Amino acid sequence: MNHLRIASVASEFEDHPTFSDDEYQQQLRVLLNVTREIYKVLHLDQLLTTIMDEVRKALNADRCTVFLIDEEKNELWSKTAHGEKEIRFPKNLGVAGYVAMTGEILNIRDAYADPHFNPEIDRKTGYRTRNLLTFPMKNIMGKTIGVFQVLNKLNGYFREIDEEILATISSIAATQIENAQLYEQQRRLNDELRGMYEQQQKALYSFVQTLASTIDARDPLTAGHSQRIACYCDEVAKILNMDENRREVLHYAALLHDFGKISLRDVILKNHKRFNESQYNEMRKHPAITKKILEKIFLPEKLKDLPQIAGAHHEKMDGSGYPDHLKGDQIPLEARILTVVDAFDAMTSNRRYSNRIIDFEKVVHTLENDSGTHFDGYFVTAFKQIPLNRLVEILEDESTDLLETKDLNFLANFTIQDLLNEIAQKSDGESKLIQIFNKYYHRDHLEKKGKDEKNNFNS
Ligand SMILES: [Fe+2]
Ligand SMILES: [Fe+2]
């Protein structure tokens, strides 16, 4: 389309008696160059600057400004007018206003002698306009969308060939400006939609956090369980390099997996001793209730598997779990991860503010020994790749301010598996790694804090 337009201008030049062949050749080169430069840019501000620069060069002029028509405000505006700030004025004012209203071309050889020219702007800016070519910019439908104003031809005044060149540039520029405006509108719309989506995500996340904390809050002995499970799951997801969507659904499932416990009576929920048979049967209902409740929540498409995953966190690999006695691969992958970290947290967190009962290696050996029957061994292996600094931060999530940075930096060099290897080879007294880990696992740092507080009180 534009090639045709350039060709037609070239043929107009050929038929014109005033211009030499050299001039046609040169102007054609200028047009091709301008076209190429304009088509490189789609961002409106940058496009306007490019157009103004290219037109100024092509017409051998001192200045060029492109004014666009703002239909809503009935104004002409220019965003970047060679060093000046955004200019806005009524659509019918001055030479540019006249051209915008009439669609006529004004080629003024002596600005101060022309009645359309408003010398007020020169007085304000200190610029001296000698001559000017003001040209309507029309879109493909023939509608004027803006005005070119080219000031002070460097050699003489603007001639007909300048008008011809500007006519061609004008139609190319109008098309590209409208494209840029559409692109900008689309980008703004996308930004708005993204903003709305992010707001919804935040609202959903805080809703889920609130649900998770309501169940954690009912039993002080397991407080923070859902939050810790979510943190362990994040670590395992990182180790397995899971994609973003699966990480998210796993995180949500971790936060909500025990939500069905909301229906349990306190006498069951807070019973941490042995259940009788009817209590045990009641407790076993909670994953199915979690699933039922989550199925009633309107969830985004990417979280559609959430009820099924959260509801399967007590299934076992050999089919002896509940509620549906699923086996192996029948259990959703994310639920198999949940099962591992849920058991780990149950064994390591049920004695808050006192030493943990079960030695760490025994806890991990339980996960290993029950791999294939209760747990998926693949995820037990992945779990053992968690760095020890993260493990300690999650284990001690209620007192992270008491963790020493130098210890965390040291622990960051080792994984759970490294610690198990060290335990198998050395005794506590010989290993810095075991000593530092045990300080936090057995909560010696809390005892130290208690002593410090007592000393401060006595002194
Ligand atoms: Fe559970
Ligand atoms: Fe749980």
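The values are calculated or read from the model by the stated rules, or taken from the named source; none is laboratory data. Nothing here was measured: the structure is a model prediction, and the numbers come from that model. Positions of Cβ are generated from backbone atoms using ideal geometry, with glycine treated the same way; all protein chains shown enter the neighbour counts. Heavy atoms of the whole protein, side chains included, go into the accessibility calculation; ligands, DNA and RNA do not. Shrake-Rupley method; radii C 1.70, N 1.55, O 1.52, S 1.80 Å.
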To the nearest 10 degrees, the tilt of helix 416-425 (Cα long axis) against the first principal axis of the alpha carbons of the chain is 40 degrees
Can you give the FRET efficiency for Asp329 and Asp266, using 1/(1 + (r/R0)^6), R0 = 51 Å, r = Cβ-Cβ distance, to the nearest 0.05? 0.85
Per residue solvent-accessible surface (Å²) - the chain, probe of 1.4 Å: 53 Å²
If one compares the long axis through the Cα atoms of helix 244-256 with the longest principal axis of the Cα atoms of the chain, the angle in degrees, nearest 10, works out at 40 degrees
Find how much the distance from Lys292 to Lys238 grows on full extension, using 0.36 nm per residue of separation minus their present alpha carbon separation; answer in nm with one decimal. 16.5 nm
With the crude spin-label approximation of a point 7 Å out along Cα→Cβ, what separation in nm comes out for Lys73 versus Asp53? 2.6 nm
For Arg274 and Ile87 in one chain, what is 0.36 nm times their gap in residues minus the Cα-Cα distance, to one decimal in nm? 59.3 nm
Among the lysines, which fall within straight-line cross-link reach of Lys57, defined as a Cα-Cα distance under 22 Å, with same-chain neighbours fewer than 8 residues apart omitted? Lys40, Lys79, Lys85, Lys138, Lys153
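How much FRET efficiency would the formula 1/(1 + (r/R0)^6) give for Tyr183 and Met101, where r is the Cβ-Cβ distance and R0 is 30 Å, rounded to 0.05?
0.60
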Can you compute 3J(HN,Hα) from phi for each residue in segment 53-69, using the Karplus curve 6.51 cos²θ - 1.76 cosθ + 1.60 with θ = phi - 60°, rounded to whole Hz and x for Gly and Pro? 5, 5, 5, 4, 5, 5, 9, 6, 10, 7, 9, 9, 10, 10, 9, 9, 8
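With N residues in segment 2-188, what two-decimal value do you get for its Cα radius of gyration over 2.2 N^0.38 Å? Working shown, then result.
Working: Rg = 16.0 Å, N = 187, 2.2 N^0.38 = 16.1 Å.
Here the answer is 0.99, to two decimals.
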Keeping the other protein chains in place, figure out the carbon and sulfur percent of the accessible area of segment 191-342, with a 1.4 Å probe. 53 percent
Cα-based helix-to-principal-axis angle, 160-218 vs the chain, degrees rounded to 10: 20 degrees
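Highest mean first, what order results for 184-194, 337-347 on Cβ atoms within 10 Å?
On the way: 184-194: 10.5, 337-347: 23.0.
Highest to lowest by the protection proxy: 337-347, 184-194.
How much length, in nm to one decimal, is gained on full extension between Arg36 and Phe207, taken as 0.36 nm per residue of separation minus their Cα-Cα distance? Don't skip to the answer; put the middle values down first.
On the way: separation 171, 0.36 × 171 = 61.56 nm, distance 5.28 nm.
56.3 nm is the gain from fully extending Arg36 to Phe207.
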